[in-house]
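Quick note: the coordinates plus some simple rules give every number you see, no bench work behind them. It should be emphasised that the depicted structure is a prediction, and the values quoted were computed from it without experimental measurement. When we count neighbours, we look across all protein chains shown, and the Cβ atoms used for this are built from the backbone with ideal geometry, even at glycine.
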Ligand SMILES: [Zn+2]
């Protein structure tokens, strides 16, 4: 049996006892159109994949991680609730700022 633990609070998630949530995130370099309106409809993800392919050929893992990164997290129901309420942790950052004063 596979045991999962929450990637946020590190608590073990008992599948019989509670729901487990999977969060998948993609972060990639934005390809802004070069000022030409005809370019606006182009599939920028395709361009990123082109860059990735080139980088793979050059075997340059560090740079490809900066261009495109996919992340996957297992979350318990409590951490999932917090995550969807504030996916970028902005509230947490604000609270931290306030407590500093
Ligand atoms: Zn958790």
### Query
Using the beta-carbon distance between residue 22 and residue 45 and R0 = 22 Å, what value does 1/(1 + (r/R0)^6) give for FRET efficiency, to the nearest 0.05?
0.55
### Message
Test of understanding: what is the full-extension gain from residue 53 to residue 7, defined as 0.36 nm times their sequence separation minus their Cα-Cα distance?
### Response
13.6 nm
